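Shown next, in structure tokens, is the structure this report addresses.
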Amino acid sequence: MFKKVIIIGTGLIGGSLGLAMKNKKLARTIVGFSRHLENARKARKMGAIDYIGKDLETVKDADLIILATPVKSIIEISSRIKDKINKNCIVIDVGSTKQAIVAKLDTIIPNFVGCHPLAGSEKRGVSNLENDIFKDSICILTPTPRTNTKVLNRIRAFWKRMGAKVVLVAPEKHDRALAFTSHLPHAVAFALISAIPDNYLSLSSGGLKDTVRISASDSELWAQIFLSNRQKLLTAINSFQKKISTLKLALENKNEKFLIGIIKKANQQREKLR
């Protein structure tokens, strides 16, 4: 699909994208950039990239650039490459929030498409990359009225070749939904594990590990995600606080019937998950 691909950020998602593209023969040449040279070397050793980028001048003859860094870096890097890329180059990002990124990149890069693959895990770094991480996952694309239709269709086809189901969602709606379905669960997991006294952790079951698995996620990455979606996440947290307060009230009143109702409703909501 592409002659020369540049991946800026060769971590878990960027590295996994490179490896999948190589295995599916979607790119002739893949060049990887990383803040830490050792990460780029690992990516090359693991077959995720062909070459390590020396400087951003390398982007000038790319036909696809993938920005796979934390949110703030995506916006900053886009400003640095906008005058270096050729007019036909497609640029995508894989950021976990979209409104701020799309608002900026949509105005400075003609062939930009915002993307958010709902893949990955609490694990971090290129050492944990996976070839089939996108198989049977969802990838959200966030086009705007400025998005080139041909470019959008090409990127939609790209993610389908990766094995993902593609969904188109407006950037604002994306951030509102992900505040509840992704950012709130991470916030709750971070708070929950922090609330448990150290001397009780040895008495925990597998249920606790399952519940707080995502609390092992990268701290810098998630701080940026939270702040970039601050207002919508605060709305989600307020909604959660109301629910936990209702459960607390049922406990205070020793209301078993009410507690059963809360748990049954939660059971039903869980069944709706894909």
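Tell me, please, whether a residue that is assigned by TED's automatic domain parsing to the domain that holds residue 11, among the charged types (D, E, K, R) and either surrounded by 15 or more Cβ atoms within 10 Å (Cβ to Cβ) or under 19 Å from the mean Cα position of the chain (by Cα) (or both) can be found in region 52-62. Checked region 52-62: no residue is assigned by TED's automatic domain parsing to the domain that holds residue 11, among the charged types (D, E, K, R) and either surrounded by 15 or more Cβ atoms within 10 Å (Cβ to Cβ) or under 19 Å from the mean Cα position of the chain (by Cα) (or both). Applying the condition of being in contact (Cβ under 8 Å) with a residue 60 or more places away in the chain and closer than 17 Å to residue 13 by Cα to region 141-158 and asking which residue is surrounded by the most Cβ atoms within 10 Å (Cβ to Cβ) yields 155. Might you let me know whether region 73-84 holds any residue that is within 20 Å of residue 119 (Cα to Cα) and touching a helix residue (DSSP H, G or I) at 6+ places or on another chain (Cβ under 6 Å)? Yes; the residues of region 73-84 include at least one that is within 20 Å of residue 119 (Cα to Cα) and touching a helix residue (DSSP H, G or I) at 6+ places or on another chain (Cβ under 6 Å). Applying the set (1) of a type outside the set (D, E, K, R); (2) surrounded by 23 or more Cβ atoms within 10 Å (Cβ to Cβ); (3) out of contact with any Cys (no Cβ under 9 Å at 6 or more places or on another chain) to residue 79 leaves exactly one unmet item: (2).
Here residue 101 qualifies as of a type in the set (A, V, I, L, M, F, W, C) and crowded, with 17+ Cβ neighbours inside 10 Å.
Looking only at residues in region 44-58 that are among the aliphatic types (A, V, I, L, M) and at pLDDT below 90, the one that is nearest to residue 116 (Cα to Cα) is 48.
Within region 260-273, residues that are modelled with pLDDT under 95 reach no partner that is assigned to a helix (DSSP H, G or I) with beta carbons closer than 7 Å at six or more positions or on different chains. The criterion of at least 2 residues that are over 30 Å from residue 74 (Cα atoms) is met by the following helices (runs of 4 or more DSSP H) wholly inside region 185-263: 206-211, 230-252.
For region 159-179, name all the residues that are outside any loop (DSSP other than H, G, I, E, B) and crowded, with 16+ Cβ neighbours inside 10 Å.
159, 166, 171, 174, 175, 176, 178, 179
As a summary of the residue check, residue 102 satisfies the conditions (1) over 19 Å from residue 167 (Cα atoms); (2) in contact with a helix residue (DSSP H, G or I) (Cβ under 6 Å, 6 or more places away or on another chain); (3) touching a residue at least 60 places away in the same chain (Cβ under 8 Å) except for the one numbered (1). Among the polar types (S, T, N, Q) and either at pLDDT 90 or above or more than 17 Å from residue 77 (Cβ to Cβ) (or both): does that describe residue 16? It is true that residue 16 is among the polar types (S, T, N, Q) and either at pLDDT 90 or above or more than 17 Å from residue 77 (Cβ to Cβ) (or both).
Yes or no, residue by residue, for (1) in contact (Cβ under 8 Å) with a residue 24 or more places away in the chain; (2) part of a helix (DSSP H, G or I):
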residue	(1), (2)
43	yes, yes
49	yes, no
54	no, no
57	yes, yes
60	yes, yes
72	yes, yes
75	yes, yes
80	yes, yes
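Quick check, is residue 63 modelled with pLDDT of 90 or more and charged (D, E, K, R)? Spelling it out, residue 63 is indeed modelled with pLDDT of 90 or more and charged (D, E, K, R).
The values are calculated or read from the model by the stated rules, or taken from the named source; none is laboratory data. Remember, it's a predicted structure, so these values are computed and weren't measured experimentally. Virtual Cβ from ideal backbone geometry, glycine too; neighbours counted across all protein chains shown.
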